[in-house]
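Right, one structure below, let's go through it.
The values are calculated or read from the model by the stated rules, or taken from the named source; none is laboratory data. It should be emphasised that the depicted structure is a prediction, and the values quoted were computed from it without experimental measurement. In this analysis, Cβ positions are derived from the backbone assuming ideal geometry, glycine residues included, and neighbour counts consider all displayed protein chains. The area values use the complete protein model at the heavy-atom level, side chains included, leaving out ligands, DNA and RNA. Shrake-Rupley method; radii C 1.70, N 1.55, O 1.52, S 1.80 Å.
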Amino acid sequence: MLYEDKKSLSSVRMEHAEECLDAAKSLLTSANYKSAANRSYYAVFHAMRAVLAFDEIDMKHHSGVIAEFRRLYIKNGIFNTGLSQIISVLFDVRTESDYDDFFIISKAEVVEQIANAEAFLTAIKKYLETK
């Protein structure tokens, strides 16, 4: 794949990440906390995919995307390990909110989820500026 194509794919994925983050904020405002948590996770997921576009990596399973991002970018010190923790928490909350019928998440927890997603996207955008 040509560099220009990788850059374009990365940009599309990052736009999707931003849309998910905006949706999370809107859902928080309307007190749809589970959905807001879901969108926060997907913001991070698409941001990871934006970075992995430069490596021509895309996986069918979320766990594969997460594993490759951690292997290539966190374990190698490109991003700090705090981002790995953000991924874990957002993934776990998203999974519980989507599949556990009795899962409850508070407004305060969603505010934290969104703040973590924002921090993640900020780090990714800064990195992508160098590409």
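What the table below lists for this structure:
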{"quantity": "Separation of alpha-carbon centers, region 5-21 and region 31-91, rounded to whole Å", "calculated": "13 Å"}
{"quantity": "For mean projected area of the Cα convex hull in nm², calculated from these coordinates, the label among (1) 10.5; (2) 11.4; (3) 7.5", "calculated": "(3)"}
{"quantity": "Restraint check, Lys25/Lys60; Lys7/Lys34; Lys75/Lys125, Cα-Cα greater than 29 Å", "calculated": "Lys7/Lys34"}
{"quantity": "Leading residue at positive end of dipole, the chain (Cβ point charges), from Ala37, Ile104, Ala117", "calculated": "Ala117"}
{"quantity": "Percent accessible area from carbon and sulfur atoms, the chain, protein chains only, probe 1.4 Å", "calculated": "53 percent"}
{"quantity": "Burial order of peptide ranges 104-111, 34-41 (average beta-carbon count within 10 Å, highest first)", "calculated": "34-41, 104-111"}
{"quantity": "Value at 222 nm in deg cm²/dmol, rounded to 500, when DSSP H runs of n ≥ 4 in the chain each add -39,500 (n - 2.57)", "calculated": "-25000 deg cm²/dmol"}
{"quantity": "For the chain, size of Cβ-based charge dipole, Lys and Arg +1, Asp and Glu -1, in debye", "calculated": "300 debye"}
{"quantity": "Residues of the chain: accessible area per residue with a 1.4 Å probe, Å²", "calculated": "54 Å²"}
